1. Let a ≥ b ≥ c be the square roots of the eigenvalues of the Cα gyration tensor of segment 15-75; is it rounded (a/c under 1.5), or, if not, prolate (a/b larger than b/c) or oblate?
2. Roughly how tilted is helix 134-147, in degrees to the nearest 10 and between 0 and 90, from the longest Cα axis of the chain?
3. Between residue 3 and residue 30, what is the label-point separation in nm under the 7 Å Cα-to-beta-carbon projection?
4. Taking +1 at the Cβ of each Lys and Arg and -1 at the Cβ of each Asp and Glu, which of 6, 54, 19 sits farthest along the dipole of segment 1-94 towards its positive end, judged by Cα position relative to the Cα centre?
5. Between 0 and 90 degrees, rounded to the nearest ten: what's the tilt of helix 44-56 against the longest Cα principal axis of the chain?
6. Run the dipole for the chain about the Cα centre, Lys and Arg Cβ at +1, Asp and Glu Cβ at -1, nothing else charged, and hand back the magnitude in debye, nearest 20.
7. Rounded to the nearest 5, what % of the DSSP beta bridges within the chain are antiparallel ones?
8. Find the relative contact order for segment 1-129 and round it to a whole percent, using C-alpha pairs within less than 8 Å whose residues are 6+ positions apart.
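A short reminder: the numbers here are calculations on the coordinates, not readings from a lab. As the structure is a computational prediction, the values presented were derived from the model and not from experiment. Ideal geometry is used to build each Cβ from the backbone, glycine not excepted, and the neighbour counts take in all protein chains shown.
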Amino acid sequence: MGRLIAIGNDHAAVELKKAVCAHLDEIGVEYKDFGCGTGEKCDYPDKAKEVCKAVTDGSADMAILICGTGVGMSISANKIKGIRAACCSDVFSAKYTRLHNDANVLCFGERVVGAGLAIELVEAFLSAEFEGGRHAVRVEKIMALEDNTD
Ligand code: RB5
C-alpha cells in the first residue's frame, strides 16, 4: 500500500485504536499514532483537528479517527477544509467511500464495531482507489460546497 496513515482516537477508543495499529504493523502499513493513550482524556474535536492537519499539510496520505461512535470524529473532521471523512460500520461503505467519494479519512466507533470488523473496514478503505471520472465531478461539487463557491 506504501502510504503513511495518520491515526488518532479519543478516550473512548483507546483499545480499538491499539488493535488497528497492531494490524497495521502486521500488514506492514506505515502509520503515525497521534494518541490518545490509556488513561488520557481527549476531546474528539481536538484530536480530529490534530490528525486531519497531517492529511491537509501532506505529511500523511489518509487518516483513521476512532471515538465512541465515530460520529463526533467525522462531524469534526468534515469541518476541516480538504477533509472528506466517512463514518463507516460496514465494509461496503468503507470501500465505496474511497471509490466514489475519494474520502481521505475513515472514522468508526469502538462502541459500535468490534476489532474484527474494524480491521475489515480499514482493509477495505486502504485497498480501494478513487475511480475518478463521473465521481470526480461530484467530489469537485463537494469541495465547492466547502468553499461556498457555487
Ligand atoms: C465520548 O464519551 C464520546 O462522546 C465520543 O467518543 C464520541 O462517541 C462522540 O461522538
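1. Numbers: a/c = 1.76, a/b = 1.11, b/c = 1.59.
Because a/c hits 1.5 or more and a/b fails to exceed b/c, segment 15-75 counts as oblate.
2. 80 degrees
3. Simple spin-label model gives 1.4 nm for this pair.
4. 54
5. Taking Cα atoms only, the helix is inclined about 60 degrees.
6. On the way: 17 positive and 23 negative charges, 57 e Å.
With Lys and Arg at +1 and Asp and Glu at -1, about 280 debye.
7. Working: 0 of 17 bridges.
Antiparallel bridges make up about 0 percent of those DSSP assigns within the chain.
8. Working: 274 pairs, mean separation 35.4, N = 129.
Computed over segment 1-129, the figure is 27 percent.
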